Amino acid sequence: MTGQKKQIRAAFVGNPNCGKTTLFNAVTGSRLKVANWPGVTVEKKEGYAEYEDCSLTIVDTPGIYSLTCYTIEEKVTRQCVMDDDIDAIVNIVDASSLERNLYLTLQLLELGKPVILALNMMDIVEERGMEIDLHRLPEMLGGIPVVSVSAAKRTGLGILLHAVVHHCEEGAAGNVLTYGDEIENKIAKLEVMMRARFPDHSCVRWHAIKLLENDEDVRSEHPISIINVVDKSYEKEIIQMKYAYIETIVKEVLFHKEKKAAFTDRIDSVLTHPFWGVPVFLVIMCLVFFLTFAVGDFLKAGFEELLAFFSGRVSALLVSAACAPWLISLIVDGIIAGVGGILTFIPNIVILFLALAFLEDSGYMSRVAYVMDNLMGKAGLSGKAFLPMVLGFGCTVPAIMATRALETERDRRRTMLITPFMSCSARLPIYVLFSDMFFPSCAVLAAFSMYAIGMGVAILAALILHGREKSKDGTDGCLLIELPEYKRPNGRTIGIYVWTKLKDYLEKAGTTIFIASIIIWFVLNFGPHGMVDNAAGSFGAIIGRGLMPILKPAGLDMWQIAVALISGISAKEVVVSSFAVLFGVGNANSEAGMAAIVSHIRMIKPDFGPLNAYALMVFCLLYVPCAATIATVKKESGSWKFTAKMVLFQLALAWTAAVLIYQTGRLLIGY
């Protein structure tokens with residue numbers, strides 16, 4: 001009879017971007033479940049693995065830099081590793097940034113639990129010509145197991161699980177770092193007091209140290225009288241001693257780092273320069289969008305021909321099958337025109353994400369947040385607020401979720417308010433279409449200006465709404481961020497990133513945009529008295545005409561534009577597919593399709609020109625974000641009231657900006 005397997009519960013803990021989640025996925029495979037941590041919206045992942053006669057439950061914690069609680073992620077991870085259910089802690093460390101990662105390691109060792117150090121990204125260490133002494137490093141960390149792994153290449157996983165199972169049996173390491181007689185005497189007294197008051201408590205030394213650091217959470221959760229022991233906060237001294245010991249470790253175990261560090265410093269002297277940093281960022285982004293247009297427009301010609309061929313074949317097939325005219329119209333003019341028109345933008349989307357992934361993986365995006373810190377501070381925001389804003393270039397939903405990294409609720413809500421002004425990839429088809437239609441000679445500049453306006457409006461909105469007042473909760477808004485060494489971007493990492501984003505885009509085309517295209521077709525082909533031959537008598541026209549007086553000051557007084565803007569709330573790409581359906585154009589992104597749309601628009605509104613188009617682009621940039629973003633804001637803020645205020649604010653701002661652009665432009669050009 002087979003005995004029951006031993007159960008071990010291990011937590012994966014590490015700095016952000018150390019490869020922790022990739023290693024978690026490699027170890028657990030598909031055997032995982034996802035939920036939220038109790039009381040918060042931070043995602044909780046648990047996976048399962050087997051090794052010898054043990055069954056392991058592995059918890060993937062949010063990435064943190066230390067066990068000092070400021071953000072939601074730090075609180076969640078600290079609570080998890082202190083839980084008595086956790087038998088072992090696997091500390092995943094980016095071996096290429098050893099010095100930064102070891103601060104968390106020293107804190108974890110003080111918890112009095114078995115710790116296993118997983119040195120990830122050793123291949124990068126070798127590429128940079130550096131060496132790590134894998135014999136001396138565990139000696140200086142109290143004899144804990146140190147395992148070299150590669151999450152990307154899936155190497156060292158068996159050795160890591162072996163270390164977890166057997167180190168649990170051996171127990172925790174002894175004290176690795178001592179803080180001198182004065183502090184150690186105080187720690188000893190506090191440990192005695194803790195054991196007397198909380199006899200069953202684990203992590204006694206760590207709690208004693210946190211009491212010396214005047215940690216408010218620890219003092220409130222485990223109240224003891226420390227007046228005769230703690231005369232001040234020793235946090236600064238303890239941090240300094242930790243970093244001094246880390247420096248000693250690095251000197252003894254890491255070799256040949258100086259050359260790479262000097263190379264990074266030379267590049268940073270330009271890219272993070274107080275004056276040149278921002279202009280360099282703008283030039284780089286301008287280059288990104290030039291490639292997005294120049295190369296993307298060249299490649300999309302093939303997609304346009306494929307769509308035209310497919311649409312023609314489907315139409316001929318339906319006619320030969322004697323299908324009803326309304327069904328042919330629904331499939332060809334509704335579904336294929338709506339969804340297919342969006343798919344022709346795939347080359348532009350892929351190039352944009354390739355560029356963003358290259359900048360992220362090279363280490364540059366962290367520099368952007370650092371460079372923008374001063375400007376963000378003047379707008380009354382934490383410098384960390386720019387990180388979600390940068391993520392907003394890809395998709396607003398994860399950007400809103402990234403506001404969890406901000407320390408205060410006030411900063412989180414401010415950043416949620418302005419992040420949707422960053423031009424996500426869903427808006428790119430709108431910019432491409434209208435730039436090519438109305439600004440053919442300077443399409444790149446017209447589209448790039450939307451990204452610049454979005455960033456400017458975001459910062460200006462924060463400045464106007466909140467001024468330069470300091471945080472009421474006492475935070476100073478300073479930016480603490482990793483500036484990793486530059487590295488050659490990994491092709492596999494970039495490929496996975498781009499494919500993930502492209503897959504999301506295709507899924508949206510096959511779901512949200514597919515459904516929206518059908519709804520728009522029905523709205524335009526049915527009215528109060530049933531099916532109509534002319535869309536002017538449809539429900540869409542009725543709704544659009546009701547909004548025309550509001551849009552008239554912005555030069556957008558066409559019911560078709562009103563319908564397209566409403567449909568864009570489901571997903572911003574739907575604005576483009578709506579124009580295709582509204583004007584019966586099979587491929588809105590082709591040269592013939594764009595000419596047809598312009599012709600239709602000017603038949604309805606003869607004076608509609610570049611000024612109107614630019615006002616429309618700005619309105620699409622600033623108005624209500626997509627439904628998924630609105631739902632995420634509600635989830636992250638926990639308030640329908642805040643979400644409703646945000647939506648109304650963005651609508652009002654979009655209308656005001658579009659009106660100012662249109663009316664000012666009319667005055668300047670005299671019509």
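The values are calculated or read from the model by the stated rules, or taken from the named source; none is laboratory data. Note that the structure is a prediction, hence the values are computed from the model and not measured. Glycine gets a Cβ as well: all are built from the backbone with ideal geometry, and neighbour counts include every protein chain shown. What goes into the accessible areas is simple: the full protein's heavy atoms, side chains included, and nothing from ligands, DNA or RNA. Shrake-Rupley method; radii C 1.70, N 1.55, O 1.52, S 1.80 Å.
Summary table
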{"item": "Residue within the range 439-446 that is over 25 Å from V598 (Cβ atoms), modelled with pLDDT of 75 or more and of a type outside the set (D, E) present", "result": "no"}
{"item": "The range 571-588: number of residues that are part of a loop (DSSP other than H, G, I, E, B) and under 34 Å from the mean Cα position of the chain (by Cα)", "result": "5"}
{"item": "Residues of the range 559-570 satisfying the condition of being outside any helix (DSSP H, G or I) and surrounded by fewer than 22 Cβ atoms within 10 Å (Cβ to Cβ)", "result": "I569, S570"}
{"item": "Checking T22 against (1) open to solvent by less than 10 Å² (accessible area, probe 1.4 Å); (2) closer than 27 Å to E131 by Cβ; (3) at pLDDT below 85, the condition it does not meet", "result": "(1)"}
{"item": "Selection from the range 589-608 of residues that are in a loop (DSSP other than H, G, I, E, B), under 18 Å from A562 (Cα atoms) and not acidic (D, E)", "result": "K605, P606, F608"}
{"item": "Any pair with Cβ under 9 angstrom, 6 or more apart, that starts in the range 217-231 at a residue that is free of Cβ contacts under 8 Å to residues at least 24 places away in the same chain and ends at one that is open to solvent by 60 Å² or more (accessible area, probe 1.4 Å)", "result": "P223/R197; N228/K189"}
{"item": "Total residues in the range 312-338, condition at pLDDT 70 or above and closer than 23 Å to L428 by Cβ", "result": "2"}
{"item": "Subset tally (residues that are in a helix (DSSP H, G or I) and open to solvent by 10 Å² or more (accessible area, probe 1.4 Å)) for the range 620-633", "result": "5"}
{"item": "Residue that is surrounded by the most Cβ atoms within 10 Å (Cβ to Cβ) [pool: residues in the range 46-60 that are assigned to a strand (DSSP E or B), charged (D, E, K, R) and more than 19 Å from the chain's Cα centre (by Cα)]", "result": "E46"}
{"item": "Pick from the range 598-632, criterion among the polar types (S, T, N, Q) and under 36 Å from the mean Cα position of the chain (by Cα), ranking: farthest from W655 (Cα to Cα)", "result": "T632"}
{"item": "Out of I515, I550, I542, sole residue that is in a helix (DSSP H, G or I), open to solvent by 10 Å² or more (accessible area, probe 1.4 Å), touching a strand residue (DSSP E or B) at 6+ places or on another chain (Cβ under 8 Å) and not charged (D, E, K, R)", "result": "I542"}
{"item": "Helices (runs of 4 or more DSSP H) completely within the range 61-179 that count 3 or more residues being more than 22 Å from D217 (Cβ to Cβ)", "result": "98-109, 122-127, 136-140, 157-170"}
{"item": "Hits in the range 199-243 (condition: open to solvent by 50 Å² or more (accessible area, probe 1.4 Å), under 34 Å from the mean Cα position of the chain (by Cα) and not basic (K, R))", "result": "N214, E216, D217, S220, E221, E235, I239, Q240, Y243"}
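Table: residues versus (1) among the β-branched types (V, I, T); (2) at pLDDT 90 or above; (3) surrounded by fewer than 14 Cβ atoms within 10 Å (Cβ to Cβ).
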{"residue": "I132", "(1), (2), (3)": "yes, no, no"}
{"residue": "V147", "(1), (2), (3)": "yes, yes, no"}
{"residue": "K153", "(1), (2), (3)": "no, no, yes"}
{"residue": "V165", "(1), (2), (3)": "yes, no, no"}
{"residue": "E169", "(1), (2), (3)": "no, no, yes"}
{"residue": "D181", "(1), (2), (3)": "no, no, yes"}
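Residues checked against (1) open to solvent by less than 10 Å² (accessible area, probe 1.4 Å); (2) in contact with a His (Cβ under 9 Å, 6 or more places away or on another chain); (3) farther than 30 Å from F608 by Cβ:
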{"site": "A399", "(1), (2), (3)": "yes, no, yes"}
{"site": "R404", "(1), (2), (3)": "no, no, yes"}
{"site": "R412", "(1), (2), (3)": "no, no, yes"}
{"site": "T415", "(1), (2), (3)": "yes, no, yes"}
{"site": "I418", "(1), (2), (3)": "yes, no, yes"}
{"site": "F421", "(1), (2), (3)": "yes, no, no"}
{"site": "L428", "(1), (2), (3)": "yes, no, no"}
{"site": "L433", "(1), (2), (3)": "yes, no, no"}
{"site": "D436", "(1), (2), (3)": "no, no, no"}
